[in-house]
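See structure below.
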Amino acid sequence: DQQVKQNSPSLSVQEGRISILNCDYTNSMFDYFLWYKKYPAEGPTFLISISSIKDKNEDGRFTVFLNKSAKHLSLHIVPSQPGDSAVYFCAASDSGAGSYQLTFGKGTKLSVIP
Amino acid sequence: DTEVTQTPKHLVMGMTNKKSLKCEQHMGHRAMYWYKQKAKKPPELMFVYSYEKLSINESVPSRFSPECPNSSLLNLHLHALQPEDSALYLCASSQDSYSNQPQHFGDGTRLSIL
């Protein structure tokens, strides 16, 4: 049973436009959400996180939106750059069960076309 | 540059060999983790160390033996591995294992079992 789902395996976006990556979750106990970026032959790099007490968190070109009622979060990248091409993983944890336990989605491969 | 350093980057070993993977962080983090990642899959948690004590073992076979010599170092000792153990082994660290803080990953060790 997949508790964190990234339903789009891949996404292509033109350079300069907005990239929107989506993530859905089923476990209502999740209260901390993270996005990681992964290049080939490298480990996941932490991008941005959001706690369930917020609905938006922004860091430069990256914004994460959380819709708790829909159990949905999204990562917006504006403007997209070719260097953003990577696999993006959504992850979630339940601090009541131990925030060490990250549940990952399967990832979305973003390609930014120059 | 990743602040979690893993060595070696690649390792090829036979099923009867004994080898060790090493991980180091100097961010003052008190929680460290080992993950296993197979191709096109998200990372799977193996072990959690909290304040240098093993706090979580996710039913990992005994042929994998973790060790935390001090707060900056984490080892994974390997013995009598099977071909299905071939994978990317990722180390991560975070401030602690119970508060909502992101985990930071190393670039991993690509392990191949002959």
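So if each residue of separation counts as 0.36 nm, and I subtract the Cα-Cα distance between B:R30 and B:R63, what length gain in nm does that give?
Using 0.36 nm per residue and subtracting the Cα-Cα distance, I get 9.4 nm.
A Förster radius of 35 Å combined with the Cβ-Cβ distance from A:S12 to B:R110 puts the calculated FRET efficiency at roughly 0.80. Taking θ as phi - 60° and the Karplus parameters 6.51, -1.76 and 1.60, the scalar couplings of the range B:81-90 work out to 6, 10, x, 6, 7, 4, 5, 8, 9, 10 Hz in sequence order, x denoting glycine and proline. By the beta carbon rule, with partners counted only under 4.7 Å, the protein assembly as shown holds these lone Cys residues: B:C68.
What net charge is computed for the residues neighbouring A:L102, neighbours being all others with C-beta under 13 Å from the C-beta of A:L102, Lys and Arg scored +1, Asp and Glu -1? Taking every Cβ under 13 Å from that of A:L102, the sum is -4. In this rough spin-label picture, where each label sits 7 Å from Cα along the Cβ direction, the B:N70-B:V12 distance is 3.5 nm.
Laboratory data are not the source of any read-out in this text; all were calculated from the coordinates shown. Please read all numbers here as calculations on a predicted model, not as lab measurements. As a convention, Cβ positions derive from the backbone with ideal geometry for all residues, glycine included, and neighbour counts pool all protein chains shown.
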